[in-house]
Amino acid sequence: MDNISVVKKNYIDYINKIIKNNKVSHAYLIELNNYEEDMKYIFDFIKMIICNIEYSDLDKENNIIRLIDDNNYPDIKIIEPDGATIKKGQMIDLQRDYSNKSLLDGKRIYVIKEADKLNPASANTILKFLEEPEEDIIAILLTQNRYKILETILSRCQILTIKENSMPIIEDDLYDLLKCVINPNDFYIKYSSIVNDIIQDKDIAKEKLEKIENIIILYLENKYNNKEIDEKLIKIFKDIDSNKLLNILKIIEDEIKRLEFNVNYKLWLDALFSRLTIGG
């Protein structure tokens, strides 16, 4: 895993947590760069769900994984556009197929490639499937641009990304911490919540700050290249110029290094936010 990008590492870490905590959702929207190159990461997730194993166990001998690799696992269906769109009939066929019992009495997963090509009729047909999921039926919708997905579909899916230069999905606790980093005075107002609920120890503090560092870097890259940016981030960063963000990055980088040698991480945390408050 050492040679993969930060975005893909974050994706792998996140799907590992999903499996480890038994929190598999009924529907996912995964944003990717290239269908041919990135399908490996989609099928890794599918294998983890079906076999209930973590990422590190994917290389172990497993008959189900072999069937999936050979495209012979009967409870996985792949739907692709028929011409320019994904048609209503394809969604009706999918629902008909999945109205029958699983052949292997396990989880059934359907993958919709280029989900942004669902037309209004096919999107409406699949909505009920997403709104009222049957037990052990899981949807994985794929797109190269989440902003092209109909909002009615998007709102019913958990969003993941393996797209380079794409903003990582910001969980609520990370979003709250990011707001404190940008507006450090909020840290002192929310101190108890930050320390007790979001960054309870040194390891979590390091993990969260590295994610924030990555978010700021990607935000600056996307802003510079005129790429789409998450509306939440636009709201947070609206009054912050690039030079200030670069200074925040430097402070975070310095403090992550110091964290390793700091015995009392709460004192370190106070020092971090003091530096952020004065800007250096």
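The numbers here are math on the coordinates, done by the rules we state, and not lab data. The shown structure was predicted, so the numbers you read here are calculated from the model rather than taken from an experiment. Counting neighbours? That spans all protein chains shown, and the Cβs are built from the backbone with ideal geometry, glycine included.
Tabulated data for the structure shown
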| quantity | calculated |
| --- | --- |
| Principal semi-axes in Å for region 172-278 [√(5λ), Cα gyration tensor, largest first] | 23, 14, 13 |
| Region 6-161, relative contact order in percent, only Cα pairs under 8 angstrom and at least six apart counted | 36 percent |
| Coordinate range along principal axes, alpha carbons of region 61-143, Å, largest first | 42, 25, 17 |
| Long pairs among K148/K227; K9/K77; K23/K211; K88/K117, criterion Cα-Cα beyond 18 Å | K9/K77; K23/K211 |
| When each of K17/K40; K20/K235; K179/K250 is checked by Cα-Cα distance, pairs over 25 Å | K20/K235 |
| Computed Rg/Rh of region 6-161, alpha carbon atoms with Kirkwood Rh | 0.94 |
| Compactness of the chain as Cα Rg over 2.2 N^0.38 Å, two decimals | 1.13 |
| Of every Cα-Cα pair in region 131-213, the percent that sits beyond 22 Å | 45 percent |
| Point-charge dipole on Cβ atoms (K/R +1, D/E -1) for the chain, about Cα centre, debye to 20 | 480 debye |
| Between region 245-280 and region 124-198, the alpha-carbon center distance in angstrom | 27 Å |
| Farthest positive-ward along the chain dipole, Cα basis, beta-carbon charges - from F129, Y110, L276 | L276 |
| Selection from I78, H26, I46, by position along the positive dipole direction of region 15-86 (Cβ) | H26 |
